[in-house]
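A.B. asks: First, the structure itself, so that you have it in front of you.
The values are calculated or read from the model by the stated rules, or taken from the named source; none is laboratory data. Here the structure is a predicted model, which means the values were calculated and not measured. Neighbour counts are summed over all protein chains in view; Cβ atoms, including those assigned to glycine, are modelled from backbone coordinates with ideal geometry.
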Amino acid sequence: MPRRNDIHKILILGSGPIVIGQAAEFDYSGVQACKVLKDEGYEVVLVNSNPATIMTDPEFADATYVEPLLPGPVAAVIERERPDALLPTLGGQTALNLAKALHEDGSLERFGVELIGADYDAIARAEDRDLFRQTMERAGLRMPRSAIATSVDEALAALGDVGLPCIVRPAFTLGGRGGGIARTEEDYRRVVARGLAASPIGQVLLDESVLGWGEFELEVMRDHNDNVVIVCSIENVDPMGVHTGDSVTVAPQQTLTDRLYQRLRDQAIAVIRAVGVETGGSNVQFAVDPVSEEILVIEMNPRVSRSSALASKATGFPIAKIAARLAVGYALEEIPNDITKVTPASFEPTIDYVVVKWPRFAFEKFPGVSSDLTTHMKSVGEAMAIGRTFQQAFAKALRSRELDSSTAFSELDADALLTALERPAADRYDVMLEAFRKGATVEAVHERCGVDPWFLRELRELALDPDAPFRGERSYKAVDTCAAEFEARTPYFYSGWERRAAHEIEKGDRSSVIILGSGPNRIGQGIEFDYCCVHAAMTVRDAGRDAVMINCNPETVSTDYDTSDRLYFEPLTLEDVLGVVDVERPEGVIVQFGGQTPLKLAAGLQAAGVPLLGTSPEAIDLAEDRGRFGALLDRLGYQAPPYATAHSVEEALRCGSKVGYPLLVRPSYVLGGRAMEIVYSDDGLRDYLVRNAGSNGNGREIFLDRFLENAIEVDVDALCDGEDVWIGGIMQHVEEAGIHSGDSACVLPPHSLGHQMLDRIREHTAGIARGLGVVGLLNVQYAVLGGELYVIEANPRASRTIPFVSKAIGIPLAKIACRVMLGARLRDLDLPAEPMRADHVSVKEAVLPFDRFEGADAVLGPEMRSTGEVMGVARDFPTAFAKAQAAAGAALPAGGTAFVTVTDSDKPGAVAIAQTLHDLGFRIVATRGTAEAIERMGIPAERINKVGEGSPHVVDWIERGDVDLVVNTPTGSGARSDGWEIRRAAVTRGIPCLTTLSGGLAAARAIAAARSGEPAVTSLQELHGRAARAGAAT
Amino acid sequence: MGAYVLLEDGTRFDGEACGADAHATGEVVFTTGMSGYQESMTDPSFARQLITFTYPHVGNYGASAEAMESDRVWARAAIMRAAVNREDAPGAERGWLDWLRDCGVPAITGVDTRALVRHIRSAGAMRGGVFPERISEAEARELIAAEPSMVGLDLAREVTPPELTVVGDGDVRIAAIDTGIKSSIVRNLVQRGATVELHPCTATAAEVVASAPDAVFLANGPGDPAALGYVVDTLRELIGPRPVFGICLGHQLLSRAVGLETFKLPFGHRGANHPVKDLETGRIEITSQNHGFAVVGPGGARTVDADEPVRWSTDFGEARLSHVNLYDRTVEGLTLLDVAGGTVQYHPEAGPGPNDSLYLFDRFLDQIRRAAA
Ligand SMILES: Nc1ncnc2c1ncn2[C@@H]1O[C@H](COP(=O)(O)OP(=O)(O)O)[C@@H](O)[C@H]1O
Ligand SMILES: Nc1ncnc2c1ncn2[C@@H]1O[C@H](COP(=O)(O)OP(=O)(O)O)[C@@H](O)[C@H]1O
Ligand SMILES: [Mg+2]
Ligand SMILES: [Mg+2]
């Protein structure tokens, strides 16, 4: 059956902010779906709260709503847009759960919206662990023995038949959040309780453990003719027990005999039929005992997933694109295979290379958090590598991880290393390779970690001779879905090493521009940079050149072969990039859009004589070298916070007092504010230096800045063509300076900086842009204190806020920057004089992963910790802020009990917050000091115990659910301090917890605004239309 | 030790010798299946062929008896990118390379198999060989030249058993003309309650039906169907009285028996991922493929554009084209309508490959039982 003509308008749900377990892969799949459905002539309505996505670019849908992914707002969109159908399978678990909710609350029926892709029952059968189990049993498939519990007692009763160790899995959570492995009975109580709390339906599944079995995933697609194909098999190198998202995985499967693999294939097909996913892709996970050849079904996801994105990139088979076509009526055989053009999509890709995926972790940012890997996902990103052999792919994947600090185990002997392997942790393969170097045998390693000997033999060879896989010549080969059986049309390449180079690259006569991507997502460098790279590719193509993309992140839109003219799936190291430059001979290379990753290569590329487009490496160095940058500011007559650079503890202490406390201290070499701290005295400084002695080995520089307390932080994104400067956006942070710009909420346009100040900011920014000689983008961070303007730093590259600003003002900054880098002049691009005079306010809020990391302090600081961001748009600041909070997952309460406890210096401010909340009818509870301060101003406040003062204390209150809002400003993040306990409890129970006064005040005002009912929803297209009109009016 | 692959057109690819210390010549072909290397090597249809495995790692799970598709290796050599032995793999009874050595089969690894495959894809399957370095290219060229080309080659006689053997003891008796039958075909028939007679391919019609079998089965096998006129003649005597079924070469032979031509594909179909459409039900199966020749459609065209069953009349009444390959739209199966009979070009028995089409064996046996009753 061809295209359905009975539906015209289709609603697509995105997956919202980047969180652990739900990352850029859903932007990739969403973009593909939007493209396909528009090509098919459907009207597309999109809802996604994440501004950093390509899918939310206005041109990808007919109506784009950057609104919270919650039943209320989405129902409002439905009521307004009246779509005929909802496609819920492309926005991850978020979209699936949301679709379920909209069905259950009757919204879909009320507005006559049909679920396409997966219907309600299919979703329920796959997502409700109990239903799923019954479904599997009916289909004659086996699962681990298990029990369901909705209380700890029920769980204890079930212990008998599941036994220990036991896998505890909360129903309906993402990436296994809140689950875990219980080895002892008290573990068991703890993990079950945590799981019950994490599950939106208060249900946990208790599974018989098959720890140590092989873990396999199959990506399945089915059409409404019931034709089913397996797109890809993925083998987890890590055995069962390490979440697939945290496992190193390989495609295709390596260790199963054909007989056994075909049994898996048969079962995967049986699963998708039994669950009844009528069209589209699903991911089925299996546990396989290699010896008894027993197969157990672990789970299935009735939607595109992280693994399906990986499978698409690994095979060249675009699962999301095809899923979207299937959802609107096409059959697999009616859809051509993009890559061969001549063959239909109703086939199974076969590959003639090996793909390895590596997770990227961020434990270094969460002191006190264990880096052990278990059944709930902890990685924040991933890198993929393709090679002709497993060793090539694995070694390339190692390079692709781009670890800031490489782990050294020189002091550990083979035995110690082997012991370390018994508990899988983030660095397990580094440990393993070291163990092999120190003489460990394959048998011994297998003993300890259960990884299949096939992999271990390969890894041992790699450890002993890391160069072996790369002997011979680099040879660029194509990814073609068919192992060269047919001619490939889609230029998607990887480097393999062969005896003789046999490149398969076919170039036209257009000159090419290479865009360097940003590598694996990590905290501080995420999807925002991929967004910019994709915009660069679009612009380069529009400019009549071939856009050539180099990146190694399988989640992203940039690594969709549709995005560029040629895609090289390669690590972003100098050597690998130069390899591509060699065969491409590009007109130029763009290093400005991929964050720090490509920027770090700029000097090396220039040294190798590679032409770089845009801002020169000299200018980059001028901005990054504090001495030279300081001199530039002096010359311009701009202020920066007093600072000094020290190379030893003594020197630091000497400068410390000269610069003046409080000080912001950090080692020179780290990014994203790593290891940055605020110290208030010599003792504090000494303590910091001692603690970080390890990380800043002797001679390493230490930066000391005067810390500007309670300053307003401002972020500016600007364009410069070397002469003219154009200010895209001035963002005022909600939290004061001291909270990393990536973690603080910000508002555009600024709501409380006077006109003179804004003018000074513009003038400073222009001065710096010209002073540095920026050609392209510039981001400047300022602190405003007591009417003074201080420059904190300038980054001559795309910043994290580019997508947010572009969406807020309706002008694609990255694209314009790229045109400038290709030679255009700003003055020829007729940009509005004043982009921000739109009649709406945009708020960006950060989304933090504290709830994924047991033991992490949920407090904000100068070191960035957020994984993602959301955007709230409204006519006024409070409403926009409220939307942003809701979208970030911490919907503000309309009323109830507010708990306030703040440091003495914050008490005056706290009173103002208490006042507003009181007027809103909140019951105010506070710890003694704060309560007194509040009562002194005649506001009733109940006193409750600090943790130290005995139960029932504040944490009990929070855990009992008697608190609806927490305002707590930290008294220096002493681990396990009261504040720590409070924030921890709030985060675990999902209660909004504001750790700054400014945040608290904004929240109070937002709650007031929310009183006027569900805020209106507006599409970006409407907003930008208005903005343009407003612009034209001036 | 160094070794190399040389093709008749002079193209050379270097690698290292593994497996038996010998050289081999024959037709160089490639298979795109990602697993099932041992099944392929022991499949009689690969007689006189050197198999290039497009998947780089071969040998990952060693070798075992259950993976044998006949009692010996028929392929002449294995051409690989990254061969491993894996004697310690769970379920392995022997390491892959040890096993090749035991079987006296030369092999080569470290070859840029993708470059080789791309060459064959554009130049077509051709004669060639695998040679240890000590053999000079000049000698090698002569050895290759001495190889007959596949076209017109009767290889059935090379692989067929010397005399009749009988397998299983089920309620239905199937007489198979053994032009190189795979064990998994026999296994699938026997599992479903068949007694299978394996006749030498030179058996006369009288010999084949001597024991009054309930059906005749035409096996897979190597070589050019056009060279098997004698089997086709036998076949023409057998069609009618009892159901006739065939797989692969058997399909080509039945097609010739009902008047269709066969032709050599440029580089054949060998792999486990070809989509085949059943023109009657519209269903698509992912199939296991292994053939270098194919059947010309009833209209005389090598490809079938029609998407519904094509009917035409033959010496044995009406016939219907039942299956088509969605990759290149070549003929994949036919059904005889007035007499019981049907064939498929692909391999429903898998071994290696997907099990999507196993149901054909059930259908086959049901038909026999119905016909018998
Ligand atoms: N019964 C089990 N025994 C051992 N490990 C298990 C078991 N069930 C799941 N796991 C591990 O937990 C991980 C997460 O489980 P899964 O069901 O896939 O949840 P999620 O929805 O988070 O993917 C799996 O990848 C697997 O490694
Ligand atoms: N002198 C200062 N006074 C107050 N806060 C500061 C100062 N310097 C930096 N910060 C805070 O630290 C954060 C990170 O510092 P920054 O120089 O931007 O490092 P990064 O390179 O990680 O962005 C800033 O966003 C700001 O909130
Ligand atoms: Mg899973
Ligand atoms: Mg910064």
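A.B. asks: Can you report the number of residues in the stretch A:462-487 which are out of contact with any Leu (no Cβ under 8 Å at 6 or more places or on another chain), crowded, with 16+ Cβ neighbours inside 10 Å and more than 10 Å from chain B (Cβ to nearest Cβ)?
C.D. replies: 4
A.B. asks: Can you go through B:121, B:127 and tell me which one is crowded, with 22+ Cβ neighbours inside 10 Å, closer than 30 Å to residue A:475 by Cβ and touching a residue at least 12 places away in the same chain (Cβ under 8 Å)? Steps first, please.
C.D. replies: Values: B:121 fails: crowded, with 22+ Cβ neighbours inside 10 Å.
Answer to the check: B:127.
A.B. asks: Look through A:751, A:755 and report the one residue that is over 29 Å from the mean Cα position of the chain (by Cα), away from ligand 4 (no atom under 16 Å from the Cβ) and within 25 Å of residue A:1023 (Cα to Cα).
C.D. replies: Numbers: A:751 fails: over 29 Å from the mean Cα position of the chain (by Cα).
Result of the check over A:751, A:755: A:755.
A.B. asks: Still on this structure: Which residues, taken from the stretch B:124-143, are at pLDDT 95 or above and either among the aliphatic types (A, V, I, L, M) or part of a loop (DSSP other than H, G, I, E, B) (or both)? Steps first, answer last, please.
C.D. replies: First pass over the stretch B:124-143, keeping only residues at pLDDT 95 or above: B:126-143.
Once the filter is applied, which keeps residues that are at pLDDT 95 or above and either among the aliphatic types (A, V, I, L, M) or part of a loop (DSSP other than H, G, I, E, B) (or both), the stretch B:124-143 yields B:126, B:130, B:133, B:134, B:135, B:136, B:138, B:140, B:143.
A.B. asks: Another one. Identify, please: which residue in the stretch B:2-16 is of a type in the set (D, E, K, R) and not in a strand (DSSP E or B) and is, among those, surrounded by the most Cβ atoms within 10 Å (Cβ to Cβ)?
C.D. replies: We begin by selecting, within the stretch B:2-16, every residue of a type in the set (D, E, K, R); these are B:8-9, B:12, B:14, B:16.
Okay, now just the ones that are also not in a strand (DSSP E or B), so B:8-9.
Details: B:8: 18, B:9: 12.
This residue is B:8.
A.B. asks: Considering each of A:329, A:316, A:276 in turn, give the residue that is more than 16 Å from ligand 2 (Cβ to nearest atom) and under 30 Å from residue A:399 (Cα atoms). Before the answer, list the steps.
C.D. replies: Numbers: A:329 fails: under 30 Å from residue A:399 (Cα atoms); A:276 fails: under 30 Å from residue A:399 (Cα atoms).
Only one candidate passes the filter, namely A:316.
A.B. asks: A further question follows. Tally up the residues in the stretch A:795-830 that are over 14 Å from residue A:53 (Cα atoms) and away from ligand 2 (no atom under 16 Å from the Cβ), please. Lay out the reasoning, then the answer.
C.D. replies: Keep residues of the stretch A:795-830 that are over 14 Å from residue A:53 (Cα atoms), which gives A:795-799, A:809-811, A:813, A:815-830.
Remaining after also requiring away from ligand 2 (no atom under 16 Å from the Cβ): A:809-811, A:813, A:815-830.
Total satisfying the criteria: 20.
A.B. asks: Also, I was wondering about something else. Return only the number of the condition from (1) free of Cβ contacts under 8 Å to residues at least 12 places away in the same chain; (2) closer than 23 Å to residue A:523 by Cα that residue A:703 does not satisfy.
C.D. replies: The single condition residue A:703 does not satisfy is (1).
A.B. asks: A further question on this structure: Just for the stretch A:171-195: of the residues that are assigned to a loop (DSSP other than H, G, I, E, B) and of a type in the set (Ser, Thr, Tyr), which one is farthest from the other protein chains (Cβ to nearest Cβ)? It would help to see each step written out before you state the result.
C.D. replies: Pass one, the stretch A:171-195, residues assigned to a loop (DSSP other than H, G, I, E, B): A:171-173, A:177-179, A:183-184.
Retained after the next criterion (residues that are of a type in the set (Ser, Thr, Tyr)): A:173, A:184.
Numbers: A:173: 34, A:184: 31 Å.
Within the stretch A:171-195, the match that is farthest from the other protein chains (Cβ to nearest Cβ) is A:173.
A.B. asks: Within the stretch A:342-360, can one find any residue that is surrounded by 24 or more Cβ atoms within 10 Å (Cβ to Cβ), in a helix (DSSP H, G or I) and touching a residue at least 24 places away in the same chain (Cβ under 8 Å)?
C.D. replies: No, the stretch A:342-360 has no match at all.
A.B. asks: What is the one condition in (1) out of contact with any Gly (no Cβ under 9 Å at 6 or more places or on another chain); (2) within 19 Å of residue B:70 (Cβ to Cβ); (3) surrounded by fewer than 19 Cβ atoms within 10 Å (Cβ to Cβ) that residue B:169 does not satisfy?
C.D. replies: (2) is the only condition that residue B:169 fails.
A.B. asks: How about the stretch B:98-129: which of its residues are more than 25 Å from residue B:86 (Cα to Cα), more than 12 Å from chain A (Cβ to nearest Cβ) and of a type outside the set (A, V, I, L, M)?
C.D. replies: B:124, B:127, B:128, B:129
A.B. asks: Would you please name the residue that is surrounded by the fewest Cβ atoms within 10 Å (Cβ to Cβ), looking only at residues in the stretch B:295-317 that are hydrophobic (A, V, I, L, M, F, W, C) and not in a loop (DSSP other than H, G, I, E, B)?
C.D. replies: Looking only at the stretch B:295-317, we keep the residues that are hydrophobic (A, V, I, L, M, F, W, C), and these are B:295-296, B:301, B:304, B:306, B:310, B:312, B:316.
Next, only the ones that are not in a loop (DSSP other than H, G, I, E, B) stay: B:295, B:310, B:312.
Working: B:295: 27, B:310: 19, B:312: 15.
Ranking the qualifying residues of the stretch B:295-317, first place goes to B:312.
A.B. asks: Considering A:416, A:393, A:435, which residue is buried (at least 20 other Cβ atoms within 10 Å of the Cβ) and more than 14 Å from chain B (Cβ to nearest Cβ)? Give the derivation first.
C.D. replies: Working: A:416 fails: buried (at least 20 other Cβ atoms within 10 Å of the Cβ); A:393 fails: more than 14 Å from chain B (Cβ to nearest Cβ).
Step by step, each of A:416, A:393, A:435 is checked, and only A:435 is buried (at least 20 other Cβ atoms within 10 Å of the Cβ) and more than 14 Å from chain B (Cβ to nearest Cβ).
A.B. asks: Here is a further query. Could you look through the stretch A:318-362, keep only residues that are among the hydrophobic types (A, V, I, L, M, F, W, C) and within 11 Å of another protein chain (Cβ to nearest Cβ), and pick out the one that is farthest from residue A:454 (Cα to Cα)?
C.D. replies: We begin by selecting, within the stretch A:318-362, every residue among the hydrophobic types (A, V, I, L, M, F, W, C); these are A:319-320, A:322-324, A:326-328, A:331-332, A:335, A:339, A:342, A:345, A:347, A:351, A:354-356, A:358, A:361-362.
Narrowing the set further to residues that are within 11 Å of another protein chain (Cβ to nearest Cβ) leaves A:331-332, A:342, A:345, A:347, A:351, A:354.
Details: A:331: 39, A:332: 35, A:342: 37, A:345: 32, A:347: 29, A:351: 19, A:354: 14 Å.
Top of the filtered list is A:331.
A.B. asks: I need the full set of residues from the stretch B:22-64 which are more than 21 Å from the chain's Cα centre (by Cα) and facing another protein chain (nearest Cβ under 8 Å), in order please.
C.D. replies: B:56, B:57, B:60, B:61, listed by residue number.
A.B. asks: Quick one: is residue A:542 buried (at least 21 other Cβ atoms within 10 Å of the Cβ), charged (D, E, K, R) and more than 30 Å from residue A:467 (Cβ to Cβ)? Quick ask: steps written out before the conclusion?
C.D. replies: Details: buried (at least 21 other Cβ atoms within 10 Å of the Cβ): no; charged (D, E, K, R): yes; more than 30 Å from residue A:467 (Cβ to Cβ): yes.
Criteria not met by residue A:542.
A.B. asks: While we're here: Just checking: which of the strands (runs of 3 or more DSSP E) contained wholly in the stretch A:196-240 hold 1 or more residues that are within 16 Å of ligand 4 (Cβ to nearest atom)?
C.D. replies: Numbers: elements: A:204-208, A:214-222, A:228-236.
Ranges flagged: none.
A.B. asks: Among the residues that make up the stretch A:97-111, is at least one of them within 16 Å of ligand 3 (Cβ to nearest atom) and over 27 Å from residue A:1024 (Cα atoms)? Steps first, answer last, please.
C.D. replies: So the first thing to find is which residues in the stretch A:97-111 are within 16 Å of ligand 3 (Cβ to nearest atom), and the list is A:97.
Applying the additional criterion that residues be over 27 Å from residue A:1024 (Cα atoms) yields A:97.
Checked the stretch A:97-111: at least one residue is within 16 Å of ligand 3 (Cβ to nearest atom) and over 27 Å from residue A:1024 (Cα atoms).
A.B. asks: Determine if the stretch A:240-248 includes at least one residue that is within 14 Å of chain B (Cβ to nearest Cβ), in contact with a Phe, Trp or Tyr (Cβ under 9 Å, 6 or more places away or on another chain) and within 14 Å of ligand 3 (Cβ to nearest atom). Don't jump to the end; show me each part of the working.
C.D. replies: Within the stretch A:240-248, the first condition is being within 14 Å of chain B (Cβ to nearest Cβ), and the residues that meet it are none.
No; the residues of the stretch A:240-248 include none that is within 14 Å of chain B (Cβ to nearest Cβ), in contact with a Phe, Trp or Tyr (Cβ under 9 Å, 6 or more places away or on another chain) and within 14 Å of ligand 3 (Cβ to nearest atom).
A.B. asks: May I ask you to say which residue of A:814, A:737 is away from ligand 4 (no atom under 16 Å from the Cβ) and more than 14 Å from chain B (Cβ to nearest Cβ)? Can you show your working first?
C.D. replies: Working: A:737 fails: away from ligand 4 (no atom under 16 Å from the Cβ).
Of A:814, A:737, the one residue that is away from ligand 4 (no atom under 16 Å from the Cβ) and more than 14 Å from chain B (Cβ to nearest Cβ) is A:814.
A.B. asks: Looking at residue A:123, is it in contact (Cβ under 8 Å) with a residue 24 or more places away in the chain, in a strand (DSSP E or B) and in contact with a Leu (Cβ under 7 Å, 6 or more places away or on another chain)? I'd like the intermediate steps shown before the answer.
C.D. replies: Working: in contact (Cβ under 8 Å) with a residue 24 or more places away in the chain: yes; in a strand (DSSP E or B): no; in contact with a Leu (Cβ under 7 Å, 6 or more places away or on another chain): yes.
Taking the combined requirement at face value, the residue does not satisfy it.
A.B. asks: Next question. Could you check how many residues of the stretch A:626-640 are modelled with pLDDT under 95 and within 16 Å of ligand 4 (Cβ to nearest atom)?
C.D. replies: Within the stretch A:626-640, residues that are modelled with pLDDT under 95 and within 16 Å of ligand 4 (Cβ to nearest atom) number 1.
A.B. asks: Restricting attention to the stretch A:366-394, and to residues there that are hydroxyl-bearing (Ser, Thr, Tyr) and under 27 Å from residue A:462 (Cα atoms), which single residue is farthest from ligand 3 (Cβ to nearest atom)?
C.D. replies: Step one: list which residues in the stretch A:366-394 are hydroxyl-bearing (Ser, Thr, Tyr), which gives A:370-371, A:374-375, A:379, A:389.
Next, only the ones that are under 27 Å from residue A:462 (Cα atoms) stay: A:371, A:374, A:379, A:389.
On the way: A:371: 20, A:374: 13, A:379: 13, A:389: 28 Å.
It comes out as A:389.
A.B. asks: Something else now. Could you tell me which numbered condition residue B:142 fails, if it satisfies all but one of (1) within 14 Å of chain A (Cβ to nearest Cβ); (2) more than 29 Å from residue A:294 (Cβ to Cβ); (3) not basic (Lys, Arg)?
C.D. replies: Among (1) within 14 Å of chain A (Cβ to nearest Cβ); (2) more than 29 Å from residue A:294 (Cβ to Cβ); (3) not basic (Lys, Arg), residue B:142 violates only (1).
A.B. asks: Turning to a different aspect of this structure: For the stretch A:376-427, what are the residues that are touching a residue at least 60 places away in the same chain (Cβ under 8 Å), away from ligand 2 (no atom under 16 Å from the Cβ), of a type in the set (D, E, K, R) and over 25 Å from residue A:502 (Cα atoms)?
C.D. replies: Correct list: A:378, A:382, A:401, A:402.
A.B. asks: Can you give me the ranges of the strands (runs of 3 or more DSSP E) entirely in the stretch B:31-118 with at least 1 residues that are touching a helix residue (DSSP H, G or I) at 6+ places or on another chain (Cβ under 6 Å), buried (at least 22 other Cβ atoms within 10 Å of the Cβ) and β-branched (Val, Ile, Thr)? Break it down stepwise before answering.
C.D. replies: Working: elements: B:49-53, B:77-79, B:106-109.
It comes to B:49-53.
A.B. asks: Among (1) more than 9 Å from chain A (Cβ to nearest Cβ); (2) surrounded by fewer than 24 Cβ atoms within 10 Å (Cβ to Cβ), which single condition is residue B:19 missing?
C.D. replies: (2)
A.B. asks: Tell me yes or no: at least one residue of the stretch A:295-304 is within 16 Å of ligand 1 (Cβ to nearest atom), within 30 Å of residue A:565 (Cβ to Cβ) and either modelled with pLDDT of 95 or more or away from every other protein chain (no Cβ under 14 Å) (or both).
C.D. replies: Going residue by residue through the stretch A:295-304, those that are within 16 Å of ligand 1 (Cβ to nearest atom) are A:295-304.
Of the ones still in play, those that are also within 30 Å of residue A:565 (Cβ to Cβ) are A:304.
Applying the additional criterion that residues be either modelled with pLDDT of 95 or more or away from every other protein chain (no Cβ under 14 Å) (or both) yields A:304.
Within the stretch A:295-304 (the criterion being within 16 Å of ligand 1 (Cβ to nearest atom), within 30 Å of residue A:565 (Cβ to Cβ) and either modelled with pLDDT of 95 or more or away from every other protein chain (no Cβ under 14 Å) (or both)), the answer is yes, since at least one residue qualifies.
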